[in-house]
Amino acid sequence: MIKITGVIENSPAYQTHKINSGDYLISVNGHNINDVLDYMYYCAESSISMVLMRNGNEFTVNLRKNEYDDLGLESGSFLMDKKRSCHNKCVFCFIDQMPPDMRETLYFKDDDARLSFLQGNYVTLTNLEQSDIDRIINMKLNINVSVHTTNPELRCKMMNNRFAGEKLEYLKQMTDGGIKLNCQIVLCPNLNDGNELKRTLSDLGGLMPNISSIAVVPVGLSKFRENLYPLECFDKVSAGEALDIIAQFQNEFLEKYGTRLVFPSDEFFLISERKIPDSDYYEDFAQYENGVGMLRSIEDEFMQALECSDYDNHKRKISIATGYSAYNTIKKLSLLAEKKYSGLECSVYSIRNDFFGETITVSGLLTAQDIIKQLENKNSGEALLISSSMLRRDTDIFLDDLTINDVEEKLKVKVIPVENDGFALLDAILGISL
């Protein structure tokens, strides 16, 4: 059951005048309600019979509403339940590579299938039981799974969880049950790459047609890896070898299934010094949030926006702070904008990640203190653009708990977060709608 903390005004539940904050929702149409998935799934019908409890006494409320309309009940958390934490200690886990004394939420490892369905989080399946899988299949919940390897023994080793290997059986159960899965492989040199990567891609391909996509991303190693499993970063050669294996399977999958299915993140191309592919390569950009095709998408969008733009206020001097990974792309785009608009000056700064270490090159892991330190003697112009991925979701807070206002005060410039979108980037560069 879930505790009701509020009833939305004029909602179906509100209009009954029978449900109060502090009541407990026990069941709907005979089904127990334990979390937001139960609530969403069983409350979708038009005819609802709820069993509630107040002061230890159960009572029933019946109502009718439009199918799929929300009942209007609020609970204390988004999940209407506690988040499920991770039961693993993966050898590559970035949270274990965090420095001490950061905000508590940064150390929480979620591994919650409900968040996978609702927000796209990746789950390892290790804290799920058969009843959870049955519910996923019954409710038709397409989810994202961190697979990493389909070798049971190696998966146990990589996740430091003796149950990690046997949980791979859930992949087949879900795909046999019609569940669509996006899969993720965090690739570690000399661990799950090479022949192990071939095995994993072959096994996942055997679960078609219900594997929607597979992302392969390189392990990220911070400077805070004391007493952790010895891992190495990819270099030009090893990244190229991984790309070659992926390309081999892409060709096989394309011929057999009509999709490349598996896609490497942009970092592999950057590390191996190979060209980022054209947009057709990424098909529907299913793994965009995993950094797969993000640079290509931003560049294509920017070029479209630049072609259509007729903005006439050319006099503007701005700067952009970005990570090493995106620097060349952002610099290229800024030069194209300057070429079209003669009065535009755009300085692009590649920010070295001193906080986590220079091997961390993505913009999303940059901190305010590194930006301040490296730009404090620079002329940033009238605005400094940053990627919104540097900030905690729906806030102005960086990973180091400094805020946009802190950066503005130190650098004496307006800081503008920009979504990872080429159209938004050009608008921000030109000062449109800011």
State yes or no: is PHE249 farther than 30 Å from ILE372 by Cα and part of a strand (DSSP E or B)?
-> no
Residue that is modelled with the lowest pLDDT [pool: residues in the range 104-150 that are among the charged types (D, E, K, R), part of a loop (DSSP other than H, G, I, E, B) and touching a Leu at 6+ places or on another chain (Cβ under 9 Å)] | ASP112
Looking only at the range 28-76, and only at residues there that are in contact (Cβ under 8 Å) with a residue 12 or more places away in the chain and β-branched (Val, Ile, Thr), the one that is surrounded by the most Cβ atoms within 10 Å (Cβ to Cβ) = ILE33
Out of the range 383-419, which residues are in contact with a helix residue (DSSP H, G or I) (Cβ under 6 Å, 6 or more places away or on another chain), assigned to a loop (DSSP other than H, G, I, E, B) and open to solvent by less than 70 Å² (accessible area, probe 1.4 Å)?
-> ASP396, ASP400, LEU402
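LEU25 - would you say it is open to solvent by less than 40 Å² (accessible area, probe 1.4 Å), touching a Lys or Arg at 6+ places or on another chain (Cβ under 9 Å), closer than 29 Å to SER116 by Cβ and free of Cβ contacts under 8 Å to residues at least 60 places away in the same chain? Let's see the steps before the verdict.
Values: open to solvent by less than 40 Å² (accessible area, probe 1.4 Å): yes; touching a Lys or Arg at 6+ places or on another chain (Cβ under 9 Å): yes; closer than 29 Å to SER116 by Cβ: yes; free of Cβ contacts under 8 Å to residues at least 60 places away in the same chain: yes.
Judged against the criteria, LEU25 is a match.
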Inter-residue pairs, beta-carbon under 6 Å, first under 16 Å from MET294 (Cα atoms) and in the range 350-367, second open to solvent by 40 Å² or more (accessible area, probe 1.4 Å) and of a type outside the set (Gly, Ala, Ser), 6+ apart = THR361/TYR324
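Please go through the range 217-269 and pick out each residue that is of a type in the set (A, V, I, L, M) and in contact (Cβ under 8 Å) with a residue 60 or more places away in the chain. Walk me through it before giving the result.
So the first thing to find is which residues in the range 217-269 are of a type in the set (A, V, I, L, M), and the list is 217, 219, 221, 228, 231, 237, 239, 242-243, 245-247, 254, 261-262.
Those that are of a type in the set (A, V, I, L, M) and in contact (Cβ under 8 Å) with a residue 60 or more places away in the chain: VAL217, VAL219, LEU221, LEU228, LEU231, VAL262.
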Would you tally the residues in the range 215-238 being open to solvent by 60 Å² or more (accessible area, probe 1.4 Å) and among the hydrophobic types (A, V, I, L, M, F, W, C)?
-> 2
Restricting the search to the range 135-145, which residues are under 15 Å from LEU171 (Cβ atoms) and surrounded by fewer than 21 Cβ atoms within 10 Å (Cβ to Cβ)?
-> ILE137, LEU141, ASN142
Taking the range 187-214, which residues are within 20 Å of GLN119 (Cα to Cα) and crowded, with 22+ Cβ neighbours inside 10 Å?
-> ILE211, SER213, ILE214
From SER21, SER11, SER27, SER47, which residue is closer than 29 Å to GLU129 by Cβ and hydroxyl-bearing (Ser, Thr, Tyr)?
-> SER27
Qualifying positions in the range 279-327 - in contact with a Leu (Cβ under 8 Å, 6 or more places away or on another chain) and more than 19 Å from ASP427 (Cα to Cα) | GLY323, SER325
Tell me, yes or no, whether the range 181-196 has at least one residue that is closer than 28 Å to ASP354 by Cβ, of a type in the set (Val, Ile, Thr), at pLDDT 95 or above and not in a helix (DSSP H, G or I).
-> yes
Hey, MET80 hits all of (1) at negative phi; (2) open to solvent by 20 Å² or more (accessible area, probe 1.4 Å) but one; which does it fall short on?
-> (1)
The range 108-134, subset among the charged types (D, E, K, R) and closer than 17 Å to TYR42 by Cα, residue surrounded by the most Cβ atoms within 10 Å (Cβ to Cβ) = ARG114
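Given the options ILE246, ILE271, name the one that is at pLDDT 95 or above and either open to solvent by less than 30 Å² (accessible area, probe 1.4 Å) or touching a His at 6+ places or on another chain (Cβ under 6 Å) (or both). Before the answer, list the steps.
Details: ILE271 fails: either open to solvent by less than 30 Å² (accessible area, probe 1.4 Å) or touching a His at 6+ places or on another chain (Cβ under 6 Å) (or both).
When all the criteria are applied, what remains is ILE246.
The values are calculated or read from the model by the stated rules, or taken from the named source; none is laboratory data. It should be emphasised that the depicted structure is a prediction, and the values quoted were computed from it without experimental measurement. We place every Cβ from the backbone using ideal geometry, glycine too, and count neighbours over all the protein chains shown. Side chains are part of the model used for accessible areas, which takes the heavy atoms of the whole protein and leaves out ligands, DNA and RNA. Shrake-Rupley method; radii C 1.70, N 1.55, O 1.52, S 1.80 Å.
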